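J.: Pasting in a structure now, in C-alpha coordinates, and then I'll have a few things to ask.
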Protein chains: 2
Amino acid sequence: MSHIRLSRSKDGVNFTVEDKPFIYPVDESEKYGCEDARVTFIDVKYYINFTVISEDSWSTALAVTEDFVTIERKGIIFHPENKDVAIFPEKVKGKYIALHRPNNSGFGKASIWYSESTDLLHWGNHKCIARPRDMKWESMKIGGGAPPIKTTDGWLIICHGKGDNSLYSLFCLLLDLNEPSKIVRRADTPLLTPTESFEKEGFFGNVVFTNGVVEKDGKVYVYYGASDESVGLAITDIDSLLKSF
Amino acid sequence: MSHIRLSRSKDGVNFTVEDKPFIYPVDESEKYGCEDARVTFIDVKYYINFTVISEDSWSTALAVTEDFVTIERKGIIFHPENKDVAIFPEKVKGKYIALHRPNNSGFGKASIWYSESTDLLHWGNHKCIARPRDMKWESMKIGGGAPPIKTTDGWLIICHGKGDNSLYSLFCLLLDLNEPSKIVRRADTPLLTPTESFEKEGFFGNVVFTNGVVEKDGKVYVYYGASDESVGLAITDIDSLLKSF
(Lines give C-alpha, C1' and ligand atoms only; values in the text may rest on other atoms or scores of the structure.)
Protein backbone atom coordinates (compact mmCIF):
# COMPACT_ATOMS: atom_id res chain seq x y z
CA MET A 1 0.00 0.00 0.00
CA SER A 2 1.48 3.32 -1.01
CA HIS A 3 1.44 6.31 1.36
CA ILE A 4 2.85 9.85 1.46
CA ARG A 5 5.52 11.00 3.89
CA LEU A 6 6.80 14.45 4.72
CA SER A 7 10.37 15.26 3.95
CA ARG A 8 11.93 18.44 5.39
CA SER A 9 14.83 20.56 4.18
CA LYS A 10 16.38 23.95 4.96
CA ASP A 11 18.28 24.38 1.70
CA GLY A 12 16.00 22.52 -0.74
CA VAL A 13 18.77 20.02 -1.47
CA ASN A 14 19.35 18.00 1.70
CA PHE A 15 16.20 16.35 3.03
CA THR A 16 15.20 14.34 6.09
CA VAL A 17 12.35 11.92 5.45
CA GLU A 18 10.01 11.50 8.42
CA ASP A 19 9.59 8.10 9.99
CA LYS A 20 5.82 8.00 9.86
CA PRO A 21 3.36 8.41 6.97
CA PHE A 22 1.56 11.77 6.68
CA ILE A 23 -1.19 10.76 4.27
CA TYR A 24 -2.16 7.10 4.22
CA PRO A 25 -5.26 5.03 3.44
CA VAL A 26 -8.09 5.72 5.89
CA ASP A 27 -11.14 4.33 4.08
CA GLU A 28 -12.20 1.98 1.29
CA SER A 29 -11.72 4.67 -1.39
CA GLU A 30 -7.97 4.60 -0.60
CA LYS A 31 -7.69 0.88 0.17
CA TYR A 32 -4.72 0.24 -2.13
CA GLY A 33 -2.86 3.47 -1.49
CA CYS A 34 -2.32 7.23 -1.62
CA GLU A 35 0.39 8.59 -3.93
CA ASP A 36 1.62 11.34 -6.25
CA ALA A 37 0.94 14.31 -3.97
CA ARG A 38 0.87 17.79 -5.50
CA VAL A 39 0.77 20.79 -3.18
CA THR A 40 -0.72 24.18 -4.04
CA PHE A 41 -0.44 27.07 -1.60
CA ILE A 42 -3.54 29.30 -1.77
CA ASP A 43 -4.02 32.16 0.68
CA VAL A 44 -2.96 30.62 4.00
CA LYS A 45 -3.51 26.93 3.28
CA TYR A 46 -1.73 24.10 1.50
CA TYR A 47 -4.06 22.12 -0.75
CA ILE A 48 -2.68 18.64 -1.35
CA ASN A 49 -4.20 16.56 -4.11
CA PHE A 50 -3.18 12.94 -4.42
CA THR A 51 -4.07 9.81 -6.32
CA VAL A 52 -6.15 7.31 -4.36
CA ILE A 53 -6.39 3.70 -5.44
CA SER A 54 -9.11 1.27 -4.44
CA GLU A 55 -11.08 -1.70 -5.72
CA ASP A 56 -13.03 0.91 -7.70
CA SER A 57 -9.98 2.09 -9.69
CA TRP A 58 -7.94 5.29 -9.29
CA SER A 59 -9.09 8.85 -8.77
CA THR A 60 -7.88 12.10 -7.16
CA ALA A 61 -8.64 13.23 -3.62
CA LEU A 62 -7.97 16.53 -1.84
CA ALA A 63 -6.71 17.31 1.66
CA VAL A 64 -5.88 20.63 3.30
CA THR A 65 -3.31 21.60 5.89
CA GLU A 66 -1.99 24.82 7.37
CA ASP A 67 0.87 23.38 9.39
CA PHE A 68 1.73 19.96 7.94
CA VAL A 69 0.82 18.49 11.33
CA THR A 70 -2.95 18.17 11.12
CA ILE A 71 -4.74 17.54 7.87
CA GLU A 72 -8.36 17.79 6.80
CA ARG A 73 -9.72 15.34 4.21
CA LYS A 74 -11.98 16.75 1.51
CA GLY A 75 -12.89 13.59 -0.41
CA ILE A 76 -12.57 12.70 -4.09
CA ILE A 77 -12.51 15.76 -6.37
CA PHE A 78 -11.90 13.96 -9.70
CA HIS A 79 -13.71 10.63 -10.18
CA PRO A 80 -12.06 7.58 -11.84
CA GLU A 81 -10.11 7.11 -13.86
CA ASN A 82 -8.18 10.32 -13.29
CA LYS A 83 -4.82 11.44 -11.91
CA ASP A 84 -2.11 14.07 -12.48
CA VAL A 85 -4.20 16.92 -11.09
CA ALA A 86 -2.40 20.29 -10.84
CA ILE A 87 -4.28 23.09 -9.08
CA PHE A 88 -3.36 26.70 -9.91
CA PRO A 89 -2.11 28.87 -7.01
CA GLU A 90 -4.73 31.60 -7.52
CA LYS A 91 -8.13 32.16 -9.08
CA VAL A 92 -8.41 33.31 -12.68
CA LYS A 93 -11.49 35.40 -13.49
CA GLY A 94 -13.06 34.33 -10.21
CA LYS A 95 -12.57 30.59 -10.70
CA TYR A 96 -10.06 28.11 -9.36
CA ILE A 97 -8.35 26.22 -12.18
CA ALA A 98 -6.89 22.72 -12.41
CA LEU A 99 -5.32 20.54 -15.05
CA HIS A 100 -5.95 16.80 -14.95
CA ARG A 101 -5.51 13.66 -16.99
CA PRO A 102 -8.54 11.38 -17.44
CA ASN A 103 -7.74 7.92 -18.72
CA ASN A 104 -8.60 6.92 -22.27
CA SER A 105 -9.34 3.24 -22.64
CA GLY A 106 -11.76 3.23 -25.53
CA PHE A 107 -10.26 5.67 -27.99
CA GLY A 108 -8.14 8.78 -27.90
CA LYS A 109 -4.99 9.08 -25.81
CA ALA A 110 -4.58 10.34 -22.25
CA SER A 111 -4.41 14.13 -22.60
CA ILE A 112 -4.26 17.30 -20.54
CA TRP A 113 -7.71 18.54 -19.51
CA TYR A 114 -8.69 21.89 -18.00
CA SER A 115 -11.37 22.38 -15.30
CA GLU A 116 -12.83 25.17 -13.20
CA SER A 117 -14.14 25.30 -9.65
CA THR A 118 -15.77 27.82 -7.36
CA ASP A 119 -14.58 26.19 -4.12
CA LEU A 120 -11.78 23.69 -4.97
CA LEU A 121 -14.18 20.83 -4.07
CA HIS A 122 -16.59 20.76 -7.02
CA TRP A 123 -15.15 20.85 -10.56
CA GLY A 124 -16.69 21.43 -13.98
CA ASN A 125 -16.40 23.04 -17.42
CA HIS A 126 -13.99 20.27 -18.41
CA LYS A 127 -12.08 20.83 -21.66
CA CYS A 128 -9.36 18.85 -23.39
CA ILE A 129 -6.61 21.38 -24.13
CA ALA A 130 -3.54 19.37 -25.20
CA ARG A 131 -3.20 15.92 -26.74
CA PRO A 132 -0.19 13.67 -27.34
CA ARG A 133 1.54 14.32 -30.64
CA ASP A 134 3.36 11.91 -32.87
CA MET A 135 6.77 12.50 -31.30
CA LYS A 136 8.76 9.72 -29.73
CA TRP A 137 8.84 11.35 -26.27
CA GLU A 138 5.09 12.09 -26.01
CA SER A 139 3.37 9.70 -28.42
CA MET A 140 1.35 7.77 -25.81
CA LYS A 141 0.22 10.10 -23.02
CA ILE A 142 0.72 13.63 -21.72
CA GLY A 143 -0.28 15.04 -18.34
CA GLY A 144 0.21 17.95 -15.99
CA GLY A 145 3.04 17.97 -13.51
CA ALA A 146 3.45 20.25 -10.55
CA PRO A 147 1.14 23.23 -9.98
CA PRO A 148 1.93 25.97 -12.51
CA ILE A 149 4.12 29.00 -11.87
CA LYS A 150 2.83 32.46 -12.78
CA THR A 151 5.24 34.30 -15.10
CA THR A 152 4.92 37.49 -17.12
CA ASP A 153 4.52 35.37 -20.28
CA GLY A 154 1.82 33.06 -18.90
CA TRP A 155 1.23 30.11 -16.59
CA LEU A 156 4.30 27.87 -16.86
CA ILE A 157 3.79 24.15 -16.28
CA ILE A 158 6.32 21.37 -16.42
CA CYS A 159 4.34 18.42 -17.79
CA HIS A 160 5.16 14.80 -18.48
CA GLY A 161 5.03 12.89 -21.72
CA LYS A 162 4.93 9.12 -22.09
CA GLY A 163 6.50 8.20 -25.38
CA ASP A 164 7.75 5.24 -27.36
CA ASN A 165 8.91 2.26 -25.29
CA SER A 166 7.18 3.75 -22.20
CA LEU A 167 9.83 6.46 -21.85
CA TYR A 168 8.69 9.31 -19.57
CA SER A 169 10.13 12.83 -20.11
CA LEU A 170 9.33 16.35 -18.87
CA PHE A 171 8.33 19.22 -21.14
CA CYS A 172 7.16 22.82 -20.75
CA LEU A 173 3.74 24.24 -21.49
CA LEU A 174 2.75 27.90 -21.26
CA LEU A 175 -0.92 28.84 -20.78
CA ASP A 176 -2.56 32.23 -21.21
CA LEU A 177 -2.61 34.26 -17.98
CA ASN A 178 -6.24 35.31 -18.32
CA GLU A 179 -7.59 32.33 -20.23
CA PRO A 180 -5.59 29.35 -19.03
CA SER A 181 -7.49 26.92 -21.26
CA LYS A 182 -5.53 28.51 -24.14
CA ILE A 183 -2.02 27.36 -24.96
CA VAL A 184 0.51 30.13 -25.61
CA ARG A 185 3.54 27.92 -26.25
CA ARG A 186 4.23 24.20 -26.18
CA ALA A 187 7.73 22.75 -26.17
CA ASP A 188 8.84 20.78 -29.20
CA THR A 189 11.64 19.10 -27.30
CA PRO A 190 11.75 17.66 -23.77
CA LEU A 191 13.12 19.69 -20.88
CA LEU A 192 14.42 16.57 -19.16
CA THR A 193 14.64 13.00 -20.40
CA PRO A 194 16.28 10.00 -18.70
CA THR A 195 20.05 10.03 -19.23
CA GLU A 196 21.56 9.23 -15.80
CA SER A 197 21.74 5.67 -14.55
CA PHE A 198 19.26 6.31 -11.68
CA GLU A 199 16.81 7.71 -14.26
CA LYS A 200 17.27 4.82 -16.67
CA GLU A 201 17.29 1.89 -14.27
CA GLY A 202 15.06 1.08 -11.28
CA PHE A 203 11.61 -0.14 -10.29
CA PHE A 204 10.21 1.31 -13.53
CA GLY A 205 13.15 2.45 -15.63
CA ASN A 206 13.42 5.31 -18.11
CA VAL A 207 11.05 7.51 -16.13
CA VAL A 208 11.38 11.12 -14.99
CA PHE A 209 8.17 12.56 -13.56
CA THR A 210 7.67 15.75 -11.54
CA ASN A 211 5.00 16.54 -8.95
CA GLY A 212 6.84 19.37 -7.22
CA VAL A 213 8.40 22.56 -8.58
CA VAL A 214 9.49 25.34 -6.22
CA GLU A 215 10.49 28.89 -7.20
CA LYS A 216 12.78 30.51 -4.63
CA ASP A 217 15.39 33.29 -4.73
CA GLY A 218 15.36 33.46 -8.52
CA LYS A 219 15.81 29.74 -8.99
CA VAL A 220 13.39 26.97 -9.89
CA TYR A 221 13.84 23.64 -8.13
CA VAL A 222 12.35 20.74 -10.08
CA TYR A 223 11.93 17.65 -7.91
CA TYR A 224 11.23 14.56 -9.97
CA GLY A 225 10.65 10.89 -9.46
CA ALA A 226 13.32 8.84 -11.22
CA SER A 227 12.57 5.27 -12.33
CA ASP A 228 9.74 5.17 -9.75
CA GLU A 229 12.42 4.57 -7.16
CA SER A 230 14.24 7.75 -6.10
CA VAL A 231 13.76 11.51 -6.25
CA GLY A 232 16.03 13.68 -8.37
CA LEU A 233 16.52 17.44 -8.32
CA ALA A 234 17.20 19.69 -11.30
CA ILE A 235 17.77 23.42 -10.75
CA THR A 236 17.00 26.08 -13.33
CA ASP A 237 15.38 29.53 -13.45
CA ILE A 238 12.29 31.09 -15.02
CA ASP A 239 14.17 32.82 -17.85
CA SER A 240 15.84 29.60 -18.91
CA LEU A 241 12.53 27.78 -18.81
CA LEU A 242 10.78 30.46 -20.87
CA LYS A 243 13.64 30.41 -23.38
CA SER A 244 13.52 26.61 -23.60
CA PHE A 245 10.45 26.69 -25.85
CA MET B 1 -23.11 10.98 -35.81
CA SER B 2 -25.76 10.54 -33.15
CA HIS B 3 -28.10 13.38 -32.19
CA ILE B 4 -31.15 13.91 -29.97
CA ARG B 5 -34.63 14.71 -31.30
CA LEU B 6 -37.74 15.83 -29.52
CA SER B 7 -40.74 13.56 -29.57
CA ARG B 8 -44.14 14.91 -28.46
CA SER B 9 -47.18 13.15 -27.04
CA LYS B 10 -50.46 14.06 -25.37
CA ASP B 11 -51.16 10.68 -23.79
CA GLY B 12 -47.62 9.43 -23.12
CA VAL B 13 -48.20 6.49 -25.46
CA ASN B 14 -48.53 7.90 -28.99
CA PHE B 15 -45.59 10.07 -30.04
CA THR B 16 -44.65 12.25 -32.97
CA VAL B 17 -40.94 12.50 -33.59
CA GLU B 18 -39.79 15.90 -34.86
CA ASP B 19 -38.11 16.15 -38.23
CA LYS B 20 -35.07 18.10 -37.04
CA PRO B 21 -32.48 17.36 -34.36
CA PHE B 22 -32.84 19.26 -31.08
CA ILE B 23 -29.38 18.57 -29.62
CA TYR B 24 -26.61 17.81 -32.09
CA PRO B 25 -22.82 18.20 -32.27
CA VAL B 26 -21.76 21.85 -32.25
CA ASP B 27 -18.06 21.67 -31.35
CA GLU B 28 -15.09 19.30 -31.23
CA SER B 29 -16.10 17.93 -27.81
CA GLU B 30 -19.23 16.46 -29.49
CA LYS B 31 -17.65 15.60 -32.82
CA TYR B 32 -18.90 12.02 -32.95
CA GLY B 33 -22.31 12.59 -31.42
CA CYS B 34 -24.74 13.49 -28.64
CA GLU B 35 -26.87 10.72 -27.14
CA ASP B 36 -28.61 9.21 -24.10
CA ALA B 37 -30.41 12.34 -22.92
CA ARG B 38 -31.78 12.42 -19.37
CA VAL B 39 -34.06 15.26 -18.35
CA THR B 40 -34.48 16.59 -14.82
CA PHE B 41 -37.02 19.31 -14.07
CA ILE B 42 -35.77 21.64 -11.30
CA ASP B 43 -37.73 24.76 -10.36
CA VAL B 44 -38.74 26.18 -13.75
CA LYS B 45 -36.08 24.64 -15.99
CA TYR B 46 -35.37 21.36 -17.69
CA TYR B 47 -31.78 20.23 -17.22
CA ILE B 48 -30.77 17.82 -19.96
CA ASN B 49 -27.60 15.83 -19.53
CA PHE B 50 -26.32 13.78 -22.42
CA THR B 51 -23.31 11.74 -23.46
CA VAL B 52 -20.94 13.51 -25.84
CA ILE B 53 -18.47 11.58 -27.92
CA SER B 54 -15.33 12.98 -29.49
CA GLU B 55 -11.77 12.06 -30.44
CA ASP B 56 -11.08 12.51 -26.72
CA SER B 57 -13.47 9.74 -25.63
CA TRP B 58 -16.91 10.03 -24.03
CA SER B 59 -18.14 12.29 -21.26
CA THR B 60 -21.35 13.96 -20.06
CA ALA B 61 -22.49 17.48 -20.96
CA LEU B 62 -25.34 19.61 -19.66
CA ALA B 63 -27.83 21.85 -21.44
CA VAL B 64 -30.81 23.80 -20.08
CA THR B 65 -34.15 24.71 -21.61
CA GLU B 66 -37.38 26.24 -20.37
CA ASP B 67 -39.43 25.72 -23.51
CA PHE B 68 -37.81 22.95 -25.58
CA VAL B 69 -37.35 25.54 -28.33
CA THR B 70 -34.17 27.33 -27.29
CA ILE B 71 -31.42 25.60 -25.39
CA GLU B 72 -28.40 26.84 -23.47
CA ARG B 73 -25.22 24.76 -23.45
CA LYS B 74 -23.39 24.44 -20.14
CA GLY B 75 -20.35 22.36 -21.19
CA ILE B 76 -18.98 19.08 -19.89
CA ILE B 77 -19.98 18.36 -16.29
CA PHE B 78 -18.44 14.86 -15.96
CA HIS B 79 -15.07 14.34 -17.68
CA PRO B 80 -14.17 11.13 -19.58
CA GLU B 81 -14.82 8.33 -19.40
CA ASN B 82 -18.24 8.84 -17.86
CA LYS B 83 -21.90 8.44 -18.83
CA ASP B 84 -25.25 7.43 -17.35
CA VAL B 85 -25.62 10.61 -15.31
CA ALA B 86 -28.93 10.98 -13.43
CA ILE B 87 -29.54 14.31 -11.70
CA PHE B 88 -31.98 14.42 -8.76
CA PRO B 89 -35.03 16.71 -9.12
CA GLU B 90 -34.32 18.69 -5.95
CA LYS B 91 -31.50 19.55 -3.58
CA VAL B 92 -30.79 17.34 -0.57
CA LYS B 93 -29.27 19.12 2.43
CA GLY B 94 -28.47 22.11 0.24
CA LYS B 95 -26.68 20.19 -2.49
CA TYR B 96 -27.70 18.98 -5.91
CA ILE B 97 -27.12 15.25 -6.30
CA ALA B 98 -26.27 13.06 -9.29
CA LEU B 99 -25.50 9.44 -9.94
CA HIS B 100 -23.00 8.58 -12.67
CA ARG B 101 -20.99 5.70 -14.04
CA PRO B 102 -17.25 6.22 -14.60
CA ASN B 103 -15.59 3.62 -16.76
CA ASN B 104 -13.27 1.02 -15.25
CA SER B 105 -10.58 -0.11 -17.62
CA GLY B 106 -7.78 -0.99 -15.25
CA PHE B 107 -9.54 -2.85 -12.47
CA GLY B 108 -12.90 -2.87 -10.78
CA LYS B 109 -16.17 -2.91 -12.71
CA ALA B 110 -18.29 0.02 -13.90
CA SER B 111 -20.37 0.98 -10.85
CA ILE B 112 -22.85 3.56 -9.64
CA TRP B 113 -21.16 6.66 -8.21
CA TYR B 114 -22.69 9.50 -6.21
CA SER B 115 -21.72 13.19 -6.52
CA GLU B 116 -22.74 16.56 -5.13
CA SER B 117 -22.90 20.02 -6.64
CA THR B 118 -23.70 23.54 -5.50
CA ASP B 119 -24.75 24.80 -8.93
CA LEU B 120 -25.30 21.77 -11.24
CA LEU B 121 -22.15 22.77 -13.18
CA HIS B 122 -19.33 21.82 -10.82
CA TRP B 123 -19.40 18.36 -9.20
CA GLY B 124 -17.46 16.78 -6.35
CA ASN B 125 -17.50 14.55 -3.26
CA HIS B 126 -17.56 11.53 -5.56
CA LYS B 127 -18.34 8.18 -3.89
CA CYS B 128 -18.85 4.70 -5.26
CA ILE B 129 -22.14 3.50 -3.76
CA ALA B 130 -23.09 0.32 -5.66
CA ARG B 131 -21.00 -2.23 -7.53
CA PRO B 132 -21.93 -5.10 -9.82
CA ARG B 133 -22.64 -8.34 -7.99
CA ASP B 134 -22.02 -11.87 -9.13
CA MET B 135 -25.49 -12.32 -10.63
CA LYS B 136 -26.02 -13.17 -14.26
CA TRP B 137 -28.04 -10.01 -15.00
CA GLU B 138 -25.60 -7.52 -13.41
CA SER B 139 -22.22 -9.25 -13.35
CA MET B 140 -20.39 -6.81 -15.69
CA LYS B 141 -21.66 -3.27 -15.13
CA ILE B 142 -24.36 -1.32 -13.32
CA GLY B 143 -25.40 2.28 -13.85
CA GLY B 144 -28.09 4.82 -13.11
CA GLY B 145 -31.08 5.17 -15.36
CA ALA B 146 -33.57 7.99 -15.43
CA PRO B 147 -33.56 10.70 -12.78
CA PRO B 148 -34.89 9.30 -9.48
CA ILE B 149 -38.44 9.64 -8.20
CA LYS B 150 -39.04 10.84 -4.65
CA THR B 151 -41.21 8.39 -2.67
CA THR B 152 -42.07 8.11 1.00
CA ASP B 153 -39.62 5.20 1.29
CA GLY B 154 -36.69 6.91 -0.42
CA TRP B 155 -35.33 7.99 -3.80
CA LEU B 156 -36.43 5.34 -6.29
CA ILE B 157 -34.18 4.78 -9.31
CA ILE B 158 -34.58 2.33 -12.14
CA CYS B 159 -31.03 1.35 -13.01
CA HIS B 160 -29.47 -0.87 -15.64
CA GLY B 161 -27.33 -3.94 -15.23
CA LYS B 162 -25.08 -5.46 -17.87
CA GLY B 163 -24.79 -9.14 -17.21
CA ASP B 164 -23.52 -12.37 -18.71
CA ASN B 165 -23.47 -12.43 -22.53
CA SER B 166 -23.88 -8.61 -22.61
CA LEU B 167 -27.53 -8.86 -21.55
CA TYR B 168 -28.91 -5.52 -20.30
CA SER B 169 -31.76 -5.49 -17.76
CA LEU B 170 -33.44 -2.93 -15.53
CA PHE B 171 -33.52 -3.11 -11.72
CA CYS B 172 -34.68 -0.92 -8.84
CA LEU B 173 -32.58 0.87 -6.27
CA LEU B 174 -33.88 2.83 -3.29
CA LEU B 175 -31.67 5.53 -1.73
CA ASP B 176 -32.11 7.26 1.61
CA LEU B 177 -34.18 10.45 1.35
CA ASN B 178 -31.81 12.55 3.47
CA GLU B 179 -28.55 10.80 2.69
CA PRO B 180 -28.85 9.59 -0.89
CA SER B 181 -25.36 8.08 -0.89
CA LYS B 182 -26.85 5.37 1.35
CA ILE B 183 -28.71 2.43 -0.14
CA VAL B 184 -32.00 1.51 1.54
CA ARG B 185 -32.95 -1.39 -0.71
CA ARG B 186 -31.48 -3.00 -3.82
CA ALA B 187 -33.41 -5.40 -6.00
CA ASP B 188 -32.29 -9.01 -6.13
CA THR B 189 -34.13 -9.65 -9.37
CA PRO B 190 -34.52 -7.53 -12.49
CA LEU B 191 -37.59 -5.36 -12.99
CA LEU B 192 -37.44 -5.84 -16.76
CA THR B 193 -35.30 -8.14 -18.85
CA PRO B 194 -35.48 -8.77 -22.61
CA THR B 195 -38.26 -11.22 -23.46
CA GLU B 196 -40.06 -9.68 -26.47
CA SER B 197 -38.64 -10.06 -29.97
CA PHE B 198 -37.95 -6.29 -30.32
CA GLU B 199 -36.01 -6.44 -27.04
CA LYS B 200 -34.05 -9.53 -28.04
CA GLU B 201 -33.21 -8.73 -31.64
CA GLY B 202 -31.95 -5.51 -33.24
CA PHE B 203 -28.91 -3.28 -33.68
CA PHE B 204 -27.60 -4.48 -30.31
CA GLY B 205 -29.84 -7.31 -29.17
CA ASN B 206 -30.86 -8.37 -25.66
CA VAL B 207 -30.82 -4.81 -24.36
CA VAL B 208 -33.41 -2.87 -22.35
CA PHE B 209 -32.13 0.48 -21.06
CA THR B 210 -34.10 3.38 -19.60
CA ASN B 211 -33.24 7.09 -19.64
CA GLY B 212 -36.76 8.39 -19.03
CA VAL B 213 -39.29 7.61 -16.30
CA VAL B 214 -42.39 9.76 -15.85
CA GLU B 215 -44.78 9.70 -12.88
CA LYS B 216 -48.25 10.97 -13.80
CA ASP B 217 -51.76 10.43 -12.43
CA GLY B 218 -50.66 7.62 -10.15
CA LYS B 219 -48.86 5.73 -12.87
CA VAL B 220 -45.20 5.41 -13.73
CA TYR B 221 -44.26 5.34 -17.42
CA VAL B 222 -40.92 3.66 -18.07
CA TYR B 223 -39.57 4.49 -21.52
CA TYR B 224 -36.72 2.23 -22.50
CA GLY B 225 -34.42 1.67 -25.41
CA ALA B 226 -34.84 -1.83 -26.83
CA SER B 227 -31.98 -3.50 -28.69
CA ASP B 228 -30.50 -0.02 -29.35
CA GLU B 229 -33.09 0.29 -32.11
CA SER B 230 -36.55 1.21 -30.84
CA VAL B 231 -38.18 2.65 -27.72
CA GLY B 232 -40.48 0.54 -25.59
CA LEU B 233 -42.93 1.59 -22.89
CA ALA B 234 -43.75 -0.28 -19.68
CA ILE B 235 -46.38 1.12 -17.30
CA THR B 236 -46.45 0.48 -13.59
CA ASP B 237 -47.02 2.46 -10.37
CA ILE B 238 -44.97 3.49 -7.33
CA ASP B 239 -46.53 0.90 -4.99
CA SER B 240 -45.72 -1.92 -7.39
CA LEU B 241 -42.18 -0.67 -7.80
CA LEU B 242 -41.64 -0.38 -4.05
CA LYS B 243 -43.07 -3.87 -3.55
CA SER B 244 -40.83 -5.28 -6.28
CA PHE B 245 -37.79 -5.30 -3.99
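J.: Modelling each spin label as a point 7 Å along the Cα-to-Cβ direction, I'd like the B:Asp27/A:Ser9 distance in nm, to one decimal.
T.: Going by the 7 Å Cα→Cβ label model, 4.0 nm.
J.: With chain A treated as a Gaussian network of Cα nodes joined by springs under 10 Å, which of A:Ile149, A:Ile42, A:Ile112 yields the largest mean-square fluctuation?
T.: Comparing A:Ile149, A:Ile42, A:Ile112 in the GNM, the peak value goes to A:Ile42.
J.: Can you list the HN-Hα couplings for the stretch B:42-55, worked out from phi with the Karplus curve (6.51, -1.76, 1.60; θ = phi - 60°), rounded to whole Hz and with x for Gly and Pro?
T.: Using θ = phi - 60°, the values come out as 10, 6, 10, 10, 9, 9, 10, 9, 8, 6, 10, 10, 8, 5 Hz.
J.: How much of the accessible area of the protein assembly as shown, in percent, comes from carbon and sulfur atoms when a 1.4 Å probe is used?
T.: Carbon and sulfur together cover 49 percent of it.
J.: Relative contact order (percent) for the stretch A:36-163, with alpha-carbon contacts under 8 angstrom and 6 or more residues of separation?
T.: 17 percent
J.: Kindly write out, for the stretch A:141-146 in residue order, the coupling ³J(HN,Hα) from the Karplus curve 6.51 cos²θ - 1.76 cosθ + 1.60 (θ = phi - 60°), rounded to whole Hz, with x marking Gly and Pro.
T.: 8, 9, x, x, x, 6
J.: Per residue in the stretch A:32-69, which ones lose no less than 50 Å² of accessible surface when going from chain alone to all protein chains (1.4 Å probe)?
T.: Those are A:Asp56, which lose 50 Å² or more relative to the chain on its own.
J.: Please work out the average accessible area per residue across the stretch A:173-216, using the 1.4 Å probe convention, and give it in Å². Spell out each step's value before the answer.
T.: On the way: 2440 Å² over 44 residues.
Heavy-atom accessible area per residue stands at 56 Å².
J.: Looking only at A:Lys219, A:Lys162, A:Lys150, which one moves most when chain A is put into a Gaussian network model with springs between Cα atoms under 10 Å?
T.: Comparing A:Lys219, A:Lys162, A:Lys150 in the GNM, the peak value goes to A:Lys219.
J.: Let's test the formula: R0 of 45 Å, r as the Cβ-Cβ distance of B:Lys93 and B:Met1. What FRET efficiency results, to the nearest 0.05?
T.: 0.65
J.: Amide H neighbours of A:Phe22 under 5 Å, counting only residues 5+ apart in sequence or on other chains, H built in-plane at 1.01 Å?
T.: A:Ile4, A:Arg5, A:Leu6
J.: Name all residues of the stretch B:28-70 having a backbone nitrogen under 18 Å from the label point set 7 Å from the Cα of B:Asp19 along its Cα→Cβ direction, giving them as ranges.
T.: B:69
J.: Measure off 7 Å from each Cα along the Cα-to-Cβ vector at B:Ile183 and A:Val184, then give the distance between these two points in nanometres to one decimal.
T.: The answer from the label model is 5.0 nm.
J.: With the Cα gyration tensor of the stretch B:39-114 giving a ≥ b ≥ c as the square roots of its eigenvalues, does the rule (a/c under 1.5 for rounded; else a/b larger than b/c for prolate; else oblate) give rounded, prolate or oblate? Working shown, then result.
T.: Details: a/c = 3.14, a/b = 1.43, b/c = 2.20.
Oblate is the answer for the stretch B:39-114, as a/c is 1.5 or above yet b/c matches or exceeds a/b.
J.: Jot down the per residue volume, in cubic angstrom and as a whole number, of the convex hull over the alpha-carbon atoms of the protein assembly as shown.
T.: Looking at the protein assembly as shown, the number lands at 160 Å³ per residue.
J.: Using amide H atoms built in the peptide plane, which far-off residues or other-chain residues are under 5 Å from A:Ile77 H to H?
T.: A:Thr60, A:Ala61, A:Leu62
J.: Let's test this: bin the Cα-Cα distances of chain A at 10 Å from zero up to the farthest pair and state each bin's percent.
T.: Each 10 Å bin holds this share of Cα pairs: 7, 32, 40, 19, 1.
J.: Taking GluC sites (Glu not before Pro) that fall in a DSSP loop and have at most 14 other Cβ atoms within 10 Å as cut points, what is the longest piece of chain A between them?
T.: The longest such stretch corresponds to A:91-195.
J.: Further, regarding this structure: Sequence-distant or interchain residues sharing an amide H contact under 5 Å with A:Cys128, placed H: which?
T.: Residues meeting the amide H criterion: A:Tyr114.
J.: Separate question: With each run of n ≥ 4 DSSP H residues scored as -39500 (n - 2.57), what mean residue ellipticity at 222 nm is computed for the protein assembly as shown after dividing by its residue count and rounding to the nearest 500 deg cm²/dmol?
T.: -1000 deg cm²/dmol
J.: With θ taken as phi - 60° and the coefficients 6.51, -1.76 and 1.60, list the Karplus ³J(HN,Hα) couplings across the stretch A:174-181 in order, rounded to whole Hz; mark glycine and proline as x.
T.: With the stated coefficients, the stretch A:174-181 comes to 10, 10, 4, 4, 9, 9, x, 7 Hz.
J.: Calculated FRET efficiency, B:Asp176 and A:Thr70, Cβ-Cβ r, R0 30 Å, to nearest 0.05?
T.: Computed FRET efficiency for B:Asp176 and A:Thr70: 0.45.
J.: Separate question: For the cross-link pairs A:Lys127/B:Lys219; B:Lys45/B:Lys150; A:Lys127/B:Lys141; B:Lys136/B:Lys243; A:Lys109/A:Lys243; A:Lys45/B:Lys109, which exceed 30 Å when the distance is taken from alpha carbon to alpha carbon?
T.: Violating the 30 Å Cα-Cα cut-off are A:Lys127/B:Lys219; A:Lys45/B:Lys109.
J.: Please tell me the relative contact order of chain A in percent, rounded to the nearest whole number, where contacts are Cα pairs under 8 Å and at least six residues apart.
T.: Relative contact order here is 10 percent.
J.: Using a 1.4 Å probe on protein heavy atoms only, how many Å² of accessible area do A and B hide from each other, summed over both chains and rounded to 100? If you can, show how the numbers build up before the last one.
T.: On the way: alone 12510 and 12510 Å², together 22140 Å².
Roughly 2900 Å².
J.: Select from B:Asn14, B:Asn178, B:Asn103 the residue whose mean-square fluctuation is largest in a Gaussian network model of chain B (Cα-Cα springs shorter than 10 Å).
T.: In this elastic network of chain B, the residue with the biggest mean-square fluctuation among B:Asn14, B:Asn178, B:Asn103 is B:Asn14.
J.: In nm, to one decimal, how far is the A:Ala234 label point from the A:Ile42 one, both placed 7 Å along Cα→Cβ?
T.: In this crude label model, A:Ala234 to A:Ile42 measures out at 2.8 nm.
The values are calculated or read from the model by the stated rules, or taken from the named source; none is laboratory data. Since the model is a prediction, treat every value here as computed from it, not as a measurement. All Cβ positions, even for glycine, are placed from backbone atoms using ideal geometry, and neighbour counts span all protein chains on display. With ligands, DNA and RNA removed, areas are computed over all heavy atoms of the protein, side chains included. Shrake-Rupley method; radii C 1.70, N 1.55, O 1.52, S 1.80 Å.
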